[in-house]
Amino acid sequence: MARVLVLRPEPGATRTVERARERGLEALSVPLFELEPVAWECPGPSGFDGLLLTSANAVRCGGEQLRKLRGLKTYAVGDATAEAARDAGFDLAATGDAGIERLLGSIEPDLKLLHLCGADRRNCAHAPQDITAIVVYRSAAIEAPGLSAARGSVALIHSPRSGRRFAELVADRETIAVAAISDAAAEAVGEGWKAVEVSDSPTDEALLALAARLCNNSQPK
């Protein structure tokens, strides 16, 4: 069975490795980025109807200013984000498990939302809601010596940026299968891989299910 490479930053990498091992997969954490908080100024919560969170990293990196926003109804993308928001004392109004577009399409269109996000984020320009984005963290590229173990592996791509970075660092692609969390993430890795497939939904569990299937079909040459 092939090894699974987990390329996302910590602390998400450790959680994904644990889940992979629970499935009986051999998993190795090789983060390509390191999360860094960004200084930000919290706007008055009275100007918004709700808080939009698309990553648990926004909660982890937001700092003490998050306290000022606890009175806002919170809309979270993904179970991990929802869990982090709940633990930080936010009142969850809705949780989406199929991406930001699906979540925004399921709630009131006339809401004014504050989106706490990372520097590398999806553009919400066509959303029906009025969304103000504030960057509270960024992902800095780091060295990844563990990629020497990439041959014959299944690489988990959690974001388009990770896909682009992985493609930049790996030249020998023909033995590596890619499990991508979205179409955009799959497109970012480019061509030349043994296989590139997209998970059924943009969740860690769906991505690991895909990885398990690819592992059974992937052997080093």
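Considered as a group, the residues in region 169-221 that are assigned to a helix (DSSP H, G or I) and in contact with a His (Cβ under 9 Å, 6 or more places away or on another chain) include one that is farthest from Leu25 (Cα to Cα), and that residue is Ala185. Just one of the listed residues (Ala39, Ala80, Ala84, Ala56) is more than 25 Å from Pro109 (Cβ to Cβ), modelled with pLDDT of 95 or more and of a type in the set (Gly, Ala, Ser), namely Ala39. Exactly one residue out of Ala180, Ala149, Ala212 is modelled with pLDDT under 95 and not acidic (Asp, Glu), and it is Ala149. Within region 94-118, being modelled with pLDDT under 90, in a strand (DSSP E or B) and not hydroxyl-bearing (Ser, Thr, Tyr) holds for Ala94, Gly96.
Does at least one position in region 183-195 carry a residue that is at pLDDT 95 or above and in contact with a Leu (Cβ under 8 Å, 6 or more places away or on another chain)? For region 183-195, residues at pLDDT 95 or above and in contact with a Leu (Cβ under 8 Å, 6 or more places away or on another chain): present. Against the definition (charged (D, E, K, R), open to solvent by 30 Å² or more (accessible area, probe 1.4 Å), farther than 28 Å from Gly44 by Cβ and touching a residue at least 12 places away in the same chain (Cβ under 8 Å)), how does Asp97 come out, yes or no? Yes: the conditions hold for Asp97. Of all the residues in region 193-204, those that are over 12 Å from His158 (Cα atoms) and open to solvent by 40 Å² or more (accessible area, probe 1.4 Å) number 4. Residues in region 54-79 that are crowded, with 16+ Cβ neighbours inside 10 Å and either within 21 Å of Ala140 (Cβ to Cβ) or polar (S, T, N, Q) (or both): Thr54, Ser55, Ala56, Asn57, Ala58, Val59, Arg60, Cys61, Gly62, Thr74. For region 124-133, check the following and say yes or no: at least one residue is open to solvent by 20 Å² or more (accessible area, probe 1.4 Å), part of a strand (DSSP E or B) and touching a Cys at 6+ places or on another chain (Cβ under 9 Å). Looking through region 124-133, at least one residue is open to solvent by 20 Å² or more (accessible area, probe 1.4 Å), part of a strand (DSSP E or B) and touching a Cys at 6+ places or on another chain (Cβ under 9 Å).
Looking only at region 198-221, how many residues end up being more than 22 Å from Val77 (Cβ to Cβ) and of a type outside the set (A, V, I, L, M, F, W, C)? Number of matching residues: 7.
Here is a yes/no grid of residues against (1) part of a loop (DSSP other than H, G, I, E, B); (2) among the aliphatic types (A, V, I, L, M):
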residue	(1), (2)
Arg21	no, no
Leu25	yes, yes
Ala39	yes, yes
Gln65	no, no
Gly89	yes, no
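The values are calculated or read from the model by the stated rules, or taken from the named source; none is laboratory data. Note that the structure is a prediction, hence the values are computed from the model and not measured. No Cβ is skipped: glycine too gets one built from the backbone with ideal geometry, and neighbour counts run over all protein chains shown. With ligands, DNA and RNA removed, areas are computed over all heavy atoms of the protein, side chains included. Shrake-Rupley method; radii C 1.70, N 1.55, O 1.52, S 1.80 Å.
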